[in-house]
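The values are calculated or read from the model by the stated rules, or taken from the named source; none is laboratory data. Please read all numbers here as calculations on a predicted model, not as lab measurements. Using ideal geometry, Cβ is built from the backbone for each residue, glycine included, and neighbour counts are taken over all protein chains shown.
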Amino acid sequence: MFLNSRKIPAELLHYRALQKRRHLNAAEDRQFKIYRSGYEGECLYDKIFDETGHSNLYIFRDVYLAAGNSGGQYDSLVIAEDAVVVNEIKNYRGEYYYKNGRFSRNNEVIPDNPFSQVDRAVGKLYRICRNYNVTVEITGKVIFPNDDFRLYSEDNSIWKNVVIRMDLKKYFREFKENFNTGKADKLVSLIRAHITENPYFNGSLDVGQIRMGIYCGECGSFNLEKGRFQLTCAECGTIESNETHLLRAMSDHKFLFYNQPMTKRSLLRLIDHQLHGRTVLRSLQRHCDVIKKGRQTSYEFRYYDGNAALKETKKVQRYKDKPGNKIKEQRDYSTE
């Protein structure tokens, strides 16, 4: 069973929010596509695992584990009986070659060797277990879930560490005969105790580099017509409540200015004062934890991201959001 949800990575949410407010430069666009592709591959892995079944297993997804003064990111940790399997997921597309310990594509060496990554991840997990006198077998595999991936190599030793798309269901079925034990429960507790936020992501940027204001959640236009409790997109006709726009802005603030405090003033600046200060304050108090340090008051968003916030609040929203006619037509066309 999956023990946690797979959240959209903070890095991907940072670039998504940034893309809404300014044009990404070449380096940013490349990073955005890398994170997006990686997340899509992880979701595909989860989908295929769901189809195969995993009720007899314990599975952690997308966790960062602290190990002493360092740590590591784990795409998937499968606990089966008394062993742990580290799955490093790579959503590569196209033809790749492995030679002399290196991956290459189009005659260009891939800087991050997946085999080295999974070896480091296994080593750090061993270190955590040793520190608590836990003896456990830990192995690793590199998973390539994309059916457009091809790997060529004369080094036959690598294949025992690789799972490609056509073999993925077979690989998952190999866990069917495993049944978790009391030791597996202890491993789950040990891993839970070491889960922390990735300390290496710092998505902060200069506020002067982005466009201020609020935008349509459907088409992204900043051309909105203001009503008393809702705003209407002049481009696609979508109607969204003030609350929806503020939840989206709070999420943007969180991932654009990562680890920086959100205040009433900073949120008003981000939305270009397009909603009244009292409206903003009420929304902050409703959807955030209030943090007071002396005379300074800041707010910590209670939800992981805007989608999680909207999913929770739409159940009790007084002023409902409505997609515009253009959006409805596009959705109808896509389902024909």
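Please count how many residues of region 207-231 are more than 15 Å from Asp252 (Cα to Cα), among the polar types (S, T, N, Q) and in contact (Cβ under 8 Å) with a residue 24 or more places away in the chain. Qualifying residue count for the region: 1. Within region 153-170, being under 29 Å from the mean Cα position of the chain (by Cα) and polar (S, T, N, Q) holds for one residue alone: Asn161. Applying the criterion of being surrounded by fewer than 12 Cβ atoms within 10 Å (Cβ to Cβ) and over 17 Å from Glu312 (Cβ atoms) to the residues of region 276-299, the residue that is nearest to the chain's Cα centre (by Cα) is Val290. Given the criteria without any contact (Cβ under 8 Å) to a residue 60 or more places away in the chain and within 22 Å of the chain's Cα centre (by Cα), does Lys90 qualify? Yes; evaluated as a whole, the condition is true for this residue. Name the single residue that is surrounded by the most Cβ atoms within 10 Å (Cβ to Cβ) among those in region 95-109 being under 20 Å from Ser157 (Cβ atoms) and out of contact with any Leu (no Cβ under 7 Å at 6 or more places or on another chain). Among those that are under 20 Å from Ser157 (Cβ atoms) and out of contact with any Leu (no Cβ under 7 Å at 6 or more places or on another chain), it is Phe103. Among residues of region 34-61 that are free of Cβ contacts under 8 Å to residues at least 40 places away in the same chain, those with a Cβ under 7 angstrom from a residue that is part of a helix (DSSP H, G or I), sequence gap 6+ or separate chain, pair up as Tyr35/Glu11; Tyr35/Leu12; Tyr35/Tyr15; Arg36/Leu12; Tyr39/Leu12.
The one condition from (1) within 25 Å of Ile195 (Cβ to Cβ); (2) more than 22 Å from the chain's Cα centre (by Cα); (3) without any contact (Cβ under 8 Å) to a residue 40 or more places away in the chain; (4) surrounded by 14 or more Cβ atoms within 10 Å (Cβ to Cβ) that Val84 does not meet is (3). Across region 43-53, the number of residues qualifying as surrounded by fewer than 19 Cβ atoms within 10 Å (Cβ to Cβ) and touching a helix residue (DSSP H, G or I) at 6+ places or on another chain (Cβ under 9 Å) comes to 5. Can you tell me which residues in region 221-246 are surrounded by 16 or more Cβ atoms within 10 Å (Cβ to Cβ) and of a type in the set (A, V, I, L, M)? If the condition is that a residue be surrounded by 16 or more Cβ atoms within 10 Å (Cβ to Cβ) and of a type in the set (A, V, I, L, M), then Leu224, Leu231, Ile239, Leu246 are the ones that fit. Here Lys33, Lys7 are screened, and the one residue that is surrounded by fewer than 14 Cβ atoms within 10 Å (Cβ to Cβ) and either in a helix (DSSP H, G or I) or of a type outside the set (Gly, Ala, Ser) (or both) is Lys33. Test Arg61 against the criterion of being at pLDDT 95 or above, under 21 Å from Val162 (Cα atoms) and surrounded by fewer than 16 Cβ atoms within 10 Å (Cβ to Cβ), and give yes or no. Spelling it out, it is not the case that Arg61 is at pLDDT 95 or above, under 21 Å from Val162 (Cα atoms) and surrounded by fewer than 16 Cβ atoms within 10 Å (Cβ to Cβ). For region 118-129, a residue qualifies if it is within 14 Å of Leu65 (Cβ to Cβ) and without any contact (Cβ under 8 Å) to a residue 40 or more places away in the chain, and the qualifying residues are Val122, Gly123, Tyr126.
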